[in-house]
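J.: Below is one structure. I have some questions about it.
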Amino acid sequence: MTETQFQCGLLVAIRSPQVVSKSLALLAAATTQQEKIHYILSLRLPGLDWTDQQRRNYFDWFRQAREYKGGESFDSFAKQIRTEAIEYLDEQTKQKLAPIFARDSQYEEAKSSESGSSNKTPARPIVRHWSVEDLVKTVASEEKSIDLKRGEAIFSEVGCFRCHRIAGRGGILGPDLTGVGRRFSKRDLLETIIEPSQVISDQYRATIFTLTDGKSITGHIADLHRGEWSVITDMSRPRDYTKIPRNQIEEFKPSPVSMMPAGLLDTLTREEIIDLIAYLRSGGDVEHPLFTPAED
Ligand code: HEC
């Protein structure tokens, strides 16, 4: 949490009269998903002073957010927050905003009939159960014979695109990977891919529910309605919700296991892994100059 986010949380907590205008301005300027989530989350709470225009701006934000390349999980978070925000409204405000909500649901319907395609990945044989140490040296040294196009093909073939966006394209359930090559060293990249559960960002962390009948369900919370929570238990089928009635939930806690499967590199050869890592480092740009043969 940044200092500004902390202050915003604080202002909401003490119900400062300026909190809405300040937070809306910060939301508009926010660049990361985490910041955005923070502001829309803070603003959903009841008891704040809103003008009608501010309310409209807030709910408009959710519709615009559907156009961001934020990924499926950002989408479902935003949806869940919107649902809660609406639940906190008093009847009079709900009436006032009804036209906006009606427009939004039309938009939602149009949106969901557009999507729905999924790419199947063919089965590949296991090459080796790679460890970080197996690879870190080669990946660190090898930079001459890199084929970014092949890296991209691998990214697609082993199913990374299914969950991740890179350079504005593809997957939807995990974080956007366009900037990951700038933030992560080669070793860090290998570690997050080979051992996804070592570090899990909160936004993508799954939740383990223990039900009153003793059963346990692990998944990603997609929607929180008052009486029922919708959970995605299989990341490859993000629209298949498991519904859990709220009164059957005994307890829930964050899962220590990443929703990203381990062992995804095990069907790849060393050369293919080198290309895949290079592709991540290029930010999904197969023309990236860093790796052209002219470099050496
Ligand atoms: C089934 C969905 C899924 C697939 C398939 C998948 N990932 Fe992930 N990935 C995730 C999720 C969810 C996270 C975030 C949770 C976490 O930090 O463990 C993540 C995190 C990452 C991160 C860390 C990003 C960050 O900003 O912290 C990298 C790098 C990554 N994945 C690369 C890959 C690569 C490369 C592939 C293909 C070999 C791949 N992933 C396949 C779901 C997936």
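The values are calculated or read from the model by the stated rules, or taken from the named source; none is laboratory data. Predicted model only: the values in this text are computed from it and were never measured. Note that we place each Cβ from the backbone using ideal geometry, even for glycine, and neighbour counts take in every protein chain shown.
J.: Evaluate the range 196-208: report whether one residue or more is touching an Asp or Glu at 6+ places or on another chain (Cβ under 9 Å), of a type in the set (Asp, Glu) and within 14 Å of the ligand (Cβ to nearest atom).
T.: Checking the range 196-208: not a single residue is touching an Asp or Glu at 6+ places or on another chain (Cβ under 9 Å), of a type in the set (Asp, Glu) and within 14 Å of the ligand (Cβ to nearest atom).
J.: Which residue is nearest to His164 (Cα to Cα), if the candidates are limited to the range 252-276 and must be at pLDDT 90 or above and more than 11 Å from the ligand (Cβ to nearest atom)?
T.: Asp275
J.: Another question about this same structure. Can you tell me which residue in the range 136-183 is nearest to the ligand (Cβ to nearest atom), limited to those that are in contact with a Gly (Cβ under 6 Å, 6 or more places away or on another chain) and modelled with pLDDT under 80?
T.: The extreme case among them is Arg162.
J.: Please go through the range 183-212 and give me each residue that is under 30 Å from Gln248 (Cα atoms) and of a type in the set (Ser, Thr, Tyr), ordered by number.
T.: Selection gives Ser197, Ser201, Tyr204, Thr207, Thr210, Thr212.
Here is a yes/no grid of residues against (1) over 25 Å from Gln34 (Cα atoms); (2) in contact (Cβ under 8 Å) with a residue 12 or more places away in the chain:
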{"position": "Lys215", "(1), (2)": "yes, no"}
{"position": "Ile232", "(1), (2)": "no, yes"}
{"position": "Ile244", "(1), (2)": "yes, yes"}
{"position": "Val257", "(1), (2)": "no, yes"}
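J.: Hey, another quick one. Can you give me the number of residues within the range 217-242 that are surrounded by fewer than 12 Cβ atoms within 10 Å (Cβ to Cβ) and more than 16 Å from the ligand (Cβ to nearest atom)?
T.: Matching residues across the range 217-242 total 2.
J.: In the range 243-267, which residues are within 21 Å of Gly174 (Cα to Cα) and in contact with a Phe, Trp or Tyr (Cβ under 9 Å, 6 or more places away or on another chain)?
T.: Result: Lys253, Ser258, Met259, Met260, Gly263, Leu265, Asp266.
J.: Let me ask something else. Confirm whether Ser282 is at pLDDT 85 or above, away from the ligand (no atom under 13 Å from the Cβ) and of a type in the set (Ser, Thr, Tyr).
T.: In short, no.
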